[in-house]
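If you scroll down you'll find the structure; I have some questions about it.
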Amino acid sequence: MEKKHTVQRISNKKRVKPKVRFNFMIIVIIALLSFAICFVFYMIHANVSGDVLDDDDDDVIPQTTAAVTEVPAGEQQSGQPQDATQAPAVNADIAYPLPQSDAKDKDYFVNSALVTDSTLLSIGKSTDFTSVFGSSQLGAANCMTVTISSSCGNVTPYETMQIKKPQNLYIMLGSDLGTSDTDEMVSAYTTLVSNLHNYLPSMDIYVMQLPPAAASSQTVTNDMVNEYNSKLLTMARNLGVYCIDTNTALRGADGALDTDYWSEDDGQLNSKAYKKIAEYILTHTA
């Protein structure tokens with residue numbers, strides 16, 4: 001038998017594939033549903049655990065202190081003072097005020113410096129504490145702006161100590177009590193101490209409380225002095241530096257400055273007072 005051959009004819013027409021239509025509304029609906037679901041989960045989590053986007057503003061980031069390089073005398077540091085709000089953490093091991101300790105030898109003053117106003121400006125004439133920096137124009141309120149002249153140049157107390165870099169720094173400021181606003185005094189004082197402590201963390205800083213007012217004082221009372229000293233104690237505690245009660249060392253039985261430590265001639269502390277303070281420093285160290 002003869003086989004039949006089936007011949008398939010190929011059509012010249014191309015097969016047309018079905019077109020896929022893009023519906024934009026479907027995408028919008030899906031996006032809205034996704035957002036709604038996420039929002040619901042967020043609200044549930046926020047009510048249970050607190051707002052997940054809430055930052056802890058109370059965390060303090062410790063400030064990193066850069067290496068310090070020696071600056072020649074008379075030249076000013078190019079770096080700007082640091083922000084006083086970035087203060088070191090409170091040192092729980094420090095007692096306030098600093099209690100009595102074993103007496104140091106007078107050589108202790110070799111590595112120590114004093115920044116002061118007119119209160120202790122002449123202490124070097126009567127004691128071995130000769131590294132004294134200050135002026136009669138210096139006070140607590142202007143301690144970050146007024147310049148003092150010394151071997152380090154005519155610069156601010158902050159810049160002077162940047163250059164000097166003593167191992168122990170003592171500060172007594174407050175001769176402007178009664179003429180300057182107390183809060184402004186403490187604010188500027190805090191900035192100075194904080195900046196120095198941040199710049200030279202290895203340096204021991206001692207905030208010295210103001211001596212009592214003389215009984216005959218008309219402008220400054222001992223209530224004012226005690227209130228100011230209380231704020232200095234709080235400042236020292238908050239900044240993690242030392243505070244010594246040089247007020248008690250010179251106080252008489254009536255709560256005012258002991259008459260043995262007062263010079264009626266010039267209205268200033270006398271040499272006996274300076275020697276008492278130097279002795280107090282040597283017996284109240286960290």
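The values are calculated or read from the model by the stated rules, or taken from the named source; none is laboratory data. Given the structure is predicted, the values throughout are model-derived calculations rather than measurements. Neighbour counts run over all protein chains shown; Cβ positions are idealised from the backbone, glycine included.
Of the residues in the range 184-196, how many are touching a residue at least 40 places away in the same chain (Cβ under 8 Å), out of contact with any helix residue (DSSP H, G or I) (no Cβ under 6 Å at 6 or more places or on another chain) and either within 11 Å of residue 165 (Cα to Cα) or among the small types (Gly, Ala, Ser) (or both)?
Qualifying residue count for the region: 1.
Just to verify a result, which residue in the range 241-286, among those that are in a loop (DSSP other than H, G, I, E, B), more than 16 Å from residue 229 (Cα to Cα) and among the small types (Gly, Ala, Ser), is modelled with the lowest pLDDT?
Within the range 241-286, the match that is modelled with the lowest pLDDT is 267.
Right, next: Check 132, 146 and return the single one that is among the aliphatic types (A, V, I, L, M), out of contact with any His (no Cβ under 6 Å at 6 or more places or on another chain), without any contact (Cβ under 8 Å) to a residue 12 or more places away in the chain and farther than 16 Å from residue 239 by Cβ.
Details: 132 fails: without any contact (Cβ under 8 Å) to a residue 12 or more places away in the chain.
Unique residue meeting the criteria: 146.
Starting from residues that are in a loop (DSSP other than H, G, I, E, B) and surrounded by fewer than 17 Cβ atoms within 10 Å (Cβ to Cβ), keep the ones in the range 166-185 and report whichever is nearest to the chain's Cα centre (by Cα). Quick ask: steps written out before the conclusion?
So the first thing to find is which residues in the range 166-185 are in a loop (DSSP other than H, G, I, E, B), and the list is 166-167, 173-176, 178-179, 181.
Now narrow it down to the ones that are surrounded by fewer than 17 Cβ atoms within 10 Å (Cβ to Cβ): 167, 178-179, 181.
Working: 167: 18, 178: 25, 179: 25, 181: 20 Å.
Of everything passing the filter in the range 166-185, 167 is nearest to the chain's Cα centre (by Cα).
So residue 140 passes all but one of these: (1) surrounded by fewer than 19 Cβ atoms within 10 Å (Cβ to Cβ); (2) touching a Gly at 6+ places or on another chain (Cβ under 6 Å); (3) of a type in the set (A, V, I, L, M). Which condition number does it fail?
All conditions are met except number (1).
Checking the structure you have, find out if any residue of the range 155-164 is assigned to a strand (DSSP E or B), in contact (Cβ under 8 Å) with a residue 12 or more places away in the chain and closer than 23 Å to residue 238 by Cβ. Break it down stepwise before answering.
Filtering the range 155-164 down to residues assigned to a strand (DSSP E or B) leaves 155.
Cutting the leftovers down to in contact (Cβ under 8 Å) with a residue 12 or more places away in the chain gives us 155.
From what is left, the residues that are closer than 23 Å to residue 238 by Cβ are none.
No, the conditions are met nowhere in the range 155-164.
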